[in-house]
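The values are calculated or read from the model by the stated rules, or taken from the named source; none is laboratory data. Owing to the predicted nature of the structure, the values given are computational and were not obtained by experimental measurement. Heads up, the Cβs are rebuilt from the backbone with ideal geometry, glycines too, and the neighbour counts pull from every protein chain shown. Accessible surface is based on the protein model in full, side chains and every heavy atom, while ligands, DNA and RNA are left aside. Shrake-Rupley method; radii C 1.70, N 1.55, O 1.52, S 1.80 Å.
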Amino acid sequence: MIEPLVFRPNDQVGGYQVDGDLDKILPLVRQAVELGADVIKADPTDDPNVYHKVIQTARVPVLVRGGGKANDLEVLHRSEQLIAQGASGLVYGRNIIQHPNPSGMTKALMAIVHENAKANEAAKRYLAA
């Protein structure tokens, strides 16, 4: 597995912030495949609707990195869009482990990945208070 990372400059955002620029992600994904990656762990794109281009470039399974911390519905909607475009799975950190209900968020994301659940449905099933 290769994880090509694109970060925004420190002077813009203060470090370790994902740059979801498709034009920066694609060449790194291509290089990772050329180096022999069997799986790619790639950043989400700023526009989730163009993520299929990352999938096409990879030609191997693509797991989506979580990106920055976001609200529940934003994470779930983005995940739904990325899976619908062919991502094989999700590799999320802070949006799960820093969540007040990590188990519920994990179940909601699993419903999107494995059951093709819609974001709102997954949120209602697993994140209801």
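Annotations
- Here the Karplus relation 6.51 cos²θ - 1.76 cosθ + 1.60, evaluated at θ = phi - 60°, turns the backbone of the range 48-62 into coupling constants of x, 6, 9, 5, 4, 5, 5, 4, 5, 5, 5, 6, 9, x, 10 Hz, with x for every Gly and Pro.
- Most positive-pole-ward Cα, Ile97, Thr45, Gln85, against dipole of the range 16-129 from beta carbon charges: Ile97
- Helix-only mean residue ellipticity at 222 nm for the chain, each DSSP H run of n ≥ 4 adding -39500 (n - 2.57), per residue, nearest 500: -14000 deg cm²/dmol
- Per-residue Karplus couplings for the range 70-77, computed as 6.51 cos²θ - 1.76 cosθ + 1.60 with θ equal to phi - 60°, are listed in order as 8, 6, 3, 5, 4, 4, 5, 5 Hz, Gly and Pro entered as x.
- Cα-centred dipole magnitude for the chain, charges only on beta-carbon of K, R (+1) and D, E (-1), debye, nearest 20: 320 debye
- Under 5 Å, built H, 5+ apart or other chain: amide partners of Val91: Val64, Arg65, Gly66
- Summarising the amide proton neighbourhood of Lys41: residues at separation of 5 or more, or on other chains, whose placed amide H is nearer than 5 Å comprise Ile2, Glu3, Leu63.
- Once both labels are positioned 7 Å from their Cα atoms along Cα-to-Cβ, the gap between Glu115 and Ser103 label points is 1.6 nm.
- Heavy-atom surface of the chain, accessible at 1.4 Å and reported per residue (Å²): 54 Å²
- Residue-by-residue Karplus 3J(HN,Hα) for the range 28-34, coefficients 6.51, -1.76, 1.60, Hz, glycine and proline x: 5, 5, 4, 5, 4, 5, 5
- Acute angle (nearest 10 degrees) that the helix 102-115 long axis makes with the longest principal axis of the chain, alpha-carbon atoms: 70 degrees
- Selected from Gln81, Gln12, Gln31 as most flexible by GNM, with the chain as the system and alpha-carbon contacts under 10 Å: Gln12
- Between Gln56 and Glu74, the simple spin-label model (points 7 angstrom out along Cα→Cβ) gives 2.8 nm.
- Each of Leu73, Tyr126, Val29 was scored by the projection of its Cα onto the charge dipole of the chain, and the greatest displacement toward the positive side belongs to Tyr126; charges sit on the C-beta of Lys, Arg, Asp and Glu.
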